[in-house]
């Protein structure tokens, strides 16, 4: 097993901007570290559950993966567009917006996050199962991947904390930029670009 390739793949996928990372940056900017950490814990636990499901059901999932990917692309894209709209129009003075900063919203976001779904369904069969199939080995690698994912979320929390004052000064501009990132993510995972290229 090429440990370097495995780690590089995990770090690139988890640390690069994605729906959960952008949401964490937004939450720490508008609601602080405590709320961002609450969301992060939910996202991390869901990430772990998805990895465990991938490890346990890998063979069965490979048979039906095209159907799962299409459904997740559609649901994930629509959810990201919804989040983009919420971020764009958000007025942080209203208490109703705090519902998107909860543990449960972080948890549920991972189940409709195509980036994470694709990652969890590919990392284990591609990098681990050709070399290790014992339950104990799979469990160790799942824990390693969860730690990498959690560290990526924490990095985004720290980034948001360090640049909080700059982000506050340009709040509307930042909201628009983050909303556009989510729209871009939604378009890229929806499969629309591939259809246009054909």
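Quick notes
- Qualifying position, being in contact with a helix residue (DSSP H, G or I) (Cβ under 9 Å, 6 or more places away or on another chain), under 18 Å from residue 123 (Cβ atoms) and modelled with pLDDT of 95 or more, among 45, 68: 45
- Residue in segment 86-102 that is at pLDDT below 90, more than 20 Å from residue 171 (Cα to Cα) and out of contact with any strand residue (DSSP E or B) (no Cβ under 8 Å at 6 or more places or on another chain) present: yes
- Residues located in segment 1-57, provided they are surrounded by fewer than 16 Cβ atoms within 10 Å (Cβ to Cβ) and either under 20 Å from residue 175 (Cβ atoms) or touching a strand residue (DSSP E or B) at 6+ places or on another chain (Cβ under 9 Å) (or both): 17, 32, 33
- Of 121, 117, all but one fail to be at pLDDT below 80, in contact with a helix residue (DSSP H, G or I) (Cβ under 6 Å, 6 or more places away or on another chain), surrounded by 14 or more Cβ atoms within 10 Å (Cβ to Cβ) and not in a loop (DSSP other than H, G, I, E, B); the exception is 121.
The values are calculated or read from the model by the stated rules, or taken from the named source; none is laboratory data. As the structure is a prediction and not an experimental result, all values here were calculated from the model. Heads up, the Cβs are rebuilt from the backbone with ideal geometry, glycines too, and the neighbour counts pull from every protein chain shown.
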